[in-house]
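This report refers to the structure that appears directly beneath it.
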Amino acid sequence: MTPRVAILGASGQVGKALQAGFSQRNPIQPVLALGRDYDVTDSSSWRASLDAFEPDVIINAAAFTAVDACEREPDRAFAVNRDAVAALAQWCANSDKALIHISTDYVFGDSGSAPITEDAPVSPLNIYGASKEAGESILRTILPRHMIARTSWVYGPDAGNFFATIMRLAETRDQIKVVADEISCPTFVSDLAEALIRLSDRVGPDSTDFGTIHCAGEQGLSRFDFAQAIMAARAELGLKTAEIAPTTQALFGAPARRPSDSRLDSSFLERAYGIKLPGLSARLPHLVSVLARQN
Ligand SMILES: NC(=O)c1ccc[n+]([C@@H]2O[C@H](COP(=O)([O-])OP(=O)(O)OC[C@H]3O[C@@H](n4cnc5c(N)ncnc54)[C@H](OP(=O)(O)O)[C@@H]3O)[C@@H](O)[C@H]2O)c1
């Protein structure tokens, strides 16, 4: 049976890709998309809609994702990334529904070795990571029927992600400083959405497929190498390029510290579900040309 799906955070980059992915796959699948008008921190804003729609599964793509802003606004970070998750989990527990919640490689710090598997100990280095880790923990205690899909460095055509920022800066700058001591796995937003859609088919009443799953692109690289790859793709298309100058997190001086190597091991996703998310080199040339045409 096709599940009825409710998406929270539907106006974010993953939320939009989920809406597009569901409607492309099956235009008649019942999907309720609750965007920014539905404040996840205020259950009175979404409860009636969920009660009326009666979803089989909720996908929570709402989060306070501005990593540096989270350092300045920890209360907001914990309200959105932990307390709202608890309220959603409680709604699901009361109604016997499943929840797919998206989390992050930033629940990990520098204490382990990458690629990081699902059972590795968490050790967040910043408020964003700590608030997302707290959201994971509380979800596990409230709702057995959950999936926590951890992803990393989500990129796509929307403004605000690293890829779109470098594309924008390349138009006007001759040199862009990019940190070389941060490594992770870039994940194309539409690939992530497709993986989440396939996972949402697997959380029916008889399923035992619950727990934490890493869902990241298969290729790990530094932010510096990511930016260099964008410039190479721009050069191929005859677009203006900028010199990418390596720097360090310490010199760059962002308010939030990031892990130096948080590559997620997503092999369980492939073994258990047959899903493999392509790496950056498989997606970049096409995406650069699409975004360049839009501007
Ligand atoms: N982007 C990444 O690189 C990345 C990496 C790892 C994991 N993730 C996870 O992936 C998920 C989706 O992130 P994304 O990349 O799609 O980020 P995004 O574009 O920032 O989307 C998050 C959405 O949540 C909304 N939101 C924030 N506070 C809210 C509230 N109180 N009530 C309702 N909506 C609220 C945001 O709206 P406003 O922007 O208007 O506040 C935004 O539309 C998140 O769980 C994030 O932690 C993302």
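The values are calculated or read from the model by the stated rules, or taken from the named source; none is laboratory data. Just so it is clear, the structure is predicted and the values come from calculations on it, not from any experiment. All Cβ positions, even for glycine, are placed from backbone atoms using ideal geometry, and neighbour counts span all protein chains on display.
Filtering segment 252-288 to residues that are touching a Leu at 6+ places or on another chain (Cβ under 9 Å) and within 15 Å of Asn126 (Cβ to Cβ) leaves Ala256, Arg257, Arg258, Pro259. Screening Asp39 with (1) in a loop (DSSP other than H, G, I, E, B); (2) at pLDDT below 95; (3) farther than 24 Å from Pro144 by Cα gives one miss only, at (2). Hey, any hits in segment 157-165 for a residue that's surrounded by 23 or more Cβ atoms within 10 Å (Cβ to Cβ) and either within 16 Å of the ligand (Cβ to nearest atom) or part of a strand (DSSP E or B) (or both)? Yes - at least one qualifying residue is present in segment 157-165.
Within segment 48-66, not a single residue is touching a residue at least 24 places away in the same chain (Cβ under 8 Å), in a helix (DSSP H, G or I) and surrounded by 23 or more Cβ atoms within 10 Å (Cβ to Cβ). Every test in (1) surrounded by fewer than 16 Cβ atoms within 10 Å (Cβ to Cβ); (2) more than 24 Å from Gln219 (Cα to Cα); (3) of a type in the set (Ser, Thr, Tyr) is passed by Ser131 save one, and that test is (1). On inspection, Ile176 passes the criterion of being away from the ligand (no atom under 16 Å from the Cβ), in contact with a helix residue (DSSP H, G or I) (Cβ under 6 Å, 6 or more places away or on another chain) and outside any helix (DSSP H, G or I). Out of the residues in segment 274-293 that are out of contact with any strand residue (DSSP E or B) (no Cβ under 8 Å at 6 or more places or on another chain) and of a type in the set (Lys, Arg), which is surrounded by the fewest Cβ atoms within 10 Å (Cβ to Cβ)? Result: Arg293. Filtering segment 180-211 to residues that are crowded, with 20+ Cβ neighbours inside 10 Å and part of a strand (DSSP E or B) leaves Ile183, Ser184, Thr187, Phe188.
Scanning segment 94-128 for residues that are hydrophobic (A, V, I, L, M, F, W, C) and either more than 11 Å from the ligand (Cβ to nearest atom) or surrounded by fewer than 18 Cβ atoms within 10 Å (Cβ to Cβ) (or both) yields Ala98, Leu99, Phe108, Ala114, Ile116, Ala120, Val122, Leu125, Ile127. Checking segment 121-134 against the condition returns a match, with at least one residue being within 14 Å of Asn60 (Cα to Cα), outside any strand (DSSP E or B) and of a type outside the set (A, V, I, L, M, F, W, C). Taken over segment 131-155, residues that are of a type in the set (Val, Ile, Thr), near the ligand (Cβ under 7 Å from one of its atoms) and in contact with an Asp or Glu (Cβ under 9 Å, 6 or more places away or on another chain) amount to 1. Among the residues making up segment 227-259, a single one is among the charged types (D, E, K, R), closer than 30 Å to Arg293 by Cβ and assigned to a loop (DSSP other than H, G, I, E, B): Lys240.
A quick yes/no check of all residues on (1) over 15 Å from Ala193 (Cβ atoms); (2) within 13 Å of the ligand (Cβ to nearest atom); (3) of a type in the set (A, V, I, L, M):
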{"residue": "Val5", "(1), (2), (3)": "no, no, yes"}
{"residue": "Leu8", "(1), (2), (3)": "no, yes, yes"}
{"residue": "Leu18", "(1), (2), (3)": "no, yes, yes"}
{"residue": "Ser23", "(1), (2), (3)": "no, no, no"}
{"residue": "Asn26", "(1), (2), (3)": "no, no, no"}
{"residue": "Leu32", "(1), (2), (3)": "yes, no, yes"}
{"residue": "Asp51", "(1), (2), (3)": "yes, no, no"}
{"residue": "Pro55", "(1), (2), (3)": "yes, no, no"}
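Within segment 176-196, can one find any residue that is of a type in the set (Asp, Glu), more than 21 Å from Ser113 (Cα to Cα) and at pLDDT below 95? So far as segment 176-196 goes, no, none of its residues is of a type in the set (Asp, Glu), more than 21 Å from Ser113 (Cα to Cα) and at pLDDT below 95. Just one residue in the set Ser23, Ser45, Ser11 is surrounded by 15 or more Cβ atoms within 10 Å (Cβ to Cβ) and either of a type outside the set (A, V, I, L, M, F, W, C) or without any contact (Cβ under 8 Å) to a residue 24 or more places away in the chain (or both); that residue is Ser11.
Is one or more of the residues making up segment 78-93 under 28 Å from Ala256 (Cα atoms), outside any helix (DSSP H, G or I), among the aliphatic types (A, V, I, L, M) and within 13 Å of the ligand (Cβ to nearest atom)? There is no residue in segment 78-93 that is under 28 Å from Ala256 (Cα atoms), outside any helix (DSSP H, G or I), among the aliphatic types (A, V, I, L, M) and within 13 Å of the ligand (Cβ to nearest atom).
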